[in-house]
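Structure first, commentary second.
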Amino acid sequence: YIQLTRDKASMGSDEEKKVVFYTVFNVLLETMKLFAPIAPFITELMYQNLRHEFKLKEESIHLFGWPKYNDELIDEELEENMQAIFGVVQSALAVRERIQLGIKWPLKEIIVVTKDKKTKNAVEQLRDVIRKQINVKKIGLAESMPNLKVKIKADYSKLRDFGDLVPKIIAQLTIDSPETVLKHIQEKGKYTFTIDGEEISITKEHLIITREAPMPYEEGTFKHGFIYLNREMTEKLEAEGFAREVMRRVQALRKKAGLQKSDNISLFIKTDEDLREMLKEWNLVIKEKVGASQFRISELEPSKKHAFVSNEKVKNKEFEIHLERV
């Protein structure tokens, strides 16, 4: 919830900020009440911090009554949908980690391949949530992935029980199409054929299965299907990725400088002409996101000395961040 409402909390309307604040505060306080009997000291410390900050009346977390829930506020369909897309999101994040492409870098597309009706419905209902969680521009939904190459080969170590028939079983599996073999295993739990008058049943455990996704997709798995991330990087996506990284590094320097969210800064970024041009369309967004009332990006040295400076490198690009409170 905090990830999905971060923009509302910092840049939303007054009403949106109040909603986010109420939700986070309410969940924290009610959870502390539940946790108090189990961890009395840490919850008391946390409560005293809140009490001091927000002038709360109760003297102790242990003086509150036991929390009550409201049936009218429970949305079972939403909870089920969130649970259904959890596997999709985790799989996509795992693929990102595997291809070493951080969450700050936007991707063109994800295709969710599943035949599970609940998953399909959840993806349809919560497209925006998935988009934000894994940072993609487009979400596709399908029951199969075109041009996917599936290969199977016998796992010799698992076929030893078939004795002298092993070579013939291996030969048979090289003749039969992988799609046919896997379809039978999926529907019936086994693939059956006859060799020398003897019926042979092969299960998934007897096989080594490899899947090759079509370029430029990377495959991931979840309980009810597969996801395919399009890793093709366009100039526009590349620019957004660098802009996000620049903002992250500026925010980190703000934090290191001990600045509060409400503090405005003067920001200067020194870099090469290529990155300056790349970030041109993002200047206003960067300025707004990092709370800069003054912002300039240039290949030249800053005209004055700033209180805080940081040397950064993202991929093959180096840049300097100069900032101070104004």
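Hey, got the dipole for the range 116-249? About the Cα centre, +1 on K and R Cβ, -1 on D and E Cβ, debye to the nearest 20? If you can, show how the numbers build up before the last one.
Values: 25 positive and 22 negative charges, 161 e Å.
That gives a dipole near 780 debye.
Gyration tensor analysis over the Cα atoms of the range 287-326 returns equivalent ellipsoid semi-axes of 18, 13, 10 Å (largest first, whole Å). When the charge dipole of the range 135-292 is built from unit charges on Cβ atoms (+1 for Lys and Arg, -1 for Asp and Glu) and taken about the Cα centre, the candidate among Val250, Ala171, Phe226 whose Cα reaches farthest toward its positive end is Val250. Computed over the chain, the Cα gyration tensor eigenvalues convert (square root of 5λ each) into semi-axes of 50, 32, 17 Å, ordered from largest to smallest. A simple rule links phi to the HN-Hα coupling: the Karplus curve 6.51 cos²θ - 1.76 cosθ + 1.60 with θ = phi - 60°, which for the range 22-29 gives 4, 4, 5, 4, 5, 5, 5, 5 Hz, with x for Gly and Pro. Based on protein heavy atoms only, the range 165-288 ends up with 58 Å² per residue of surface accessible to a 1.4 Å probe. Comparing mean-square fluctuations of Val285, Val123, Val27 from a GNM of the chain with C-alpha springs under 10 Å, the top value falls on Val27. Here the chain is scanned for chymotrypsin sites (Phe, Trp or Tyr not before Pro) in DSSP loops (not H, G, I, E, B) that have at most 10 other Cβ atoms within 10 Å, and the longest stretch holding none of them is 70-326. Look at where the Cα atoms of the range 4-64 and of the range 291-305 average out, and the two centres are 39 Å apart. In order along the range 162-175, the Karplus-derived 3J(HN,Hα) couplings, from 6.51 cos²θ - 1.76 cosθ + 1.60 at θ = phi - 60°, round to 7, x, 5, 7, 3, x, 6, 5, 4, 5, 4, 5, 7, 7 Hz, and Gly and Pro are given as x.
Distance distribution P(r), the range 109-153, all Cα-Cα pairs, bin width 5 angstrom from 0: 5, 20, 26, 20, 15, 7, 5, 2, 0 percent.
Share of carbon and sulfur in the accessible area of the chain stands at 51%, probe radius 1.4 Å. Compute the long axis of helix 76-98 from its Cα atoms, compare it with the longest principal axis of the Cα atoms of the chain, and write down the angle in degrees, 0 to 90, nearest 10. Roughly 80 degrees between the two axes. Put a plus charge on the Cβ of each Lys and Arg, a minus charge on the Cβ of each Asp and Glu, and nothing anywhere else: the dipole of the range 181-230 about its Cα centre is then about 240 debye.
How large is the dipole of the chain about the Cα centre if only Lys and Arg carry +1 and Asp and Glu carry -1, each at its Cβ, rounded to the nearest 20 debye?
940
The values are calculated or read from the model by the stated rules, or taken from the named source; none is laboratory data. Everything quoted here is computed from the prediction, not taken from an experiment. Note: ideal-geometry Cβ built from the backbone for every residue, glycine included; neighbour counts use all protein chains shown. In case anyone asks, the SASA skips ligands and DNA or RNA and just uses the protein heavy atoms, side chains included. Shrake-Rupley method; radii C 1.70, N 1.55, O 1.52, S 1.80 Å.
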